[in-house]
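Enquirer: Here it is, the structure in full.
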Amino acid sequence: AQSVTQLGSHVSVSEGALVLLRCNYSSSVPPYLFWYVQYPNQGLQLLLKYTTGATLVKGINGFEAEFKKSETSFHLTKPSAHMSDAAEYFCAVTESGGYNKLIFGAGTRLAVHP
Amino acid sequence: DTGVSQDPRHKITKRGQNVTFRCDPISEHNRLYWYRQTLGQGPEFLTYFQNEAQLEKSRLLSDRFSAERPKGSFSTLEIQRTEQGDSAMYLCASSSGQGFGYTFGSGTRLTVV
């Protein structure tokens, strides 16, 4: 069965500092991997995705993530945090041969302080 | 493309009442999903439609829950005899296929009092 683990339910960084949000997955078949962001009282917005090809994926708002099969990880990074990055971030996985059903992690709330 | 629309945005209901939510997906998306999200948790899968066919239902979806997608367009999610434990954000998403990711609506927040 697929599962997603996000290490750290809360992460706090200073404005301008590196953002690193961790995600590990389990999947019995090659996965598709996603990061979503959610602002208060809103739905989820796709940040980036990995399906096939290049393992370093660039997304919106300066975020990127690297798929590391040997570590079963898909960590999200951003070189320099901005106040507007404060939100909840969700990692998700789906199996490449299935109905495209996404399994989400519990989320990481990112706080950015001046 | 106006995105995924959900109606209503907020619903407060008394325990025991029935509620119905509507989702209008992106018109060219044939896949539609319902998720439930409680405070501090990630979205949990409820059910999936491909066109008008409901192909998968989570065991989270008790007999009090029913979802439809007539004609493969909009979808409704009905909860009968609501309980306080049903209080959550109900999210709808649509997709055009594998690997494309979902487009989510803004959700319907249900509060059962």
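The values are calculated or read from the model by the stated rules, or taken from the named source; none is laboratory data. Here the structure is a predicted model, which means the values were calculated and not measured. A quick note on method: Cβ atoms are made from the backbone with ideal geometry, for glycine too, and the neighbour counts reach across all protein chains shown.
Enquirer: More than 14 Å from the chain's Cα centre (by Cα) and either over 23 Å from A:Leu47 (Cα atoms) or assigned to a loop (DSSP other than H, G, I, E, B) (or both), is that true of B:Arg22?
Expert: Answer is no for this residue.
Enquirer: Would you confirm whether any residue within the stretch B:10-18 is modelled with pLDDT under 95 and part of a loop (DSSP other than H, G, I, E, B)?
Expert: No, there is no match, as no residue in the stretch B:10-18 is modelled with pLDDT under 95 and part of a loop (DSSP other than H, G, I, E, B).
Enquirer: Now for a separate question. If you take the residues in the stretch B:38-52 that are closer than 14 Å to B:Ser94 by Cα and more than 12 Å from the chain's Cα centre (by Cα), which one is nearest to the other protein chains (Cβ to nearest Cβ)? Talk me through it step by step, then tell me what you get.
Expert: Restricting attention to the stretch B:38-52, the residues satisfying the condition of being closer than 14 Å to B:Ser94 by Cα are B:45-52.
Checking which are more than 12 Å from the chain's Cα centre (by Cα) leaves us with B:50-52.
Numbers: B:Gln50: 7, B:Asn51: 13, B:Glu52: 15 Å.
Only one residue fits best here, namely B:Gln50.
Enquirer: Which one of the conditions (1) surrounded by fewer than 21 Cβ atoms within 10 Å (Cβ to Cβ); (2) within 12 Å of the chain's Cα centre (by Cα); (3) away from chain B (no Cβ under 13 Å); (4) hydrophobic (A, V, I, L, M, F, W, C) does A:Ala54 fail to meet, given that it meets all the rest?
Expert: It fails just one condition, (2).
Enquirer: Here is a list of conditions, (1) over 20 Å from B:Leu39 (Cβ atoms); (2) part of a strand (DSSP E or B); (3) within 12 Å of another protein chain (Cβ to nearest Cβ); (4) out of contact with any helix residue (DSSP H, G or I) (no Cβ under 9 Å at 6 or more places or on another chain), and A:Leu47 meets all of them except one; can you say which number that is?
Expert: Evaluating A:Leu47 over (1) over 20 Å from B:Leu39 (Cβ atoms); (2) part of a strand (DSSP E or B); (3) within 12 Å of another protein chain (Cβ to nearest Cβ); (4) out of contact with any helix residue (DSSP H, G or I) (no Cβ under 9 Å at 6 or more places or on another chain) leaves (4) as the failure.
Enquirer: For the stretch B:8-42, which residues satisfy the criterion of being within 18 Å of B:Gly72 (Cα to Cα), exposed (fewer than 13 other Cβ atoms within 10 Å of the Cβ) and touching a residue at least 60 places away in the same chain (Cβ under 8 Å)?
Expert: B:Glu28
Enquirer: Turning to a different aspect of this structure: Residue by residue through the stretch B:59-74, note down the ones that are within 14 Å of chain A (Cβ to nearest Cβ) and over 12 Å from the mean Cα position of the chain (by Cα).
Expert: Across the stretch B:59-74, the qualifying residues are B:Arg59, B:Leu60.
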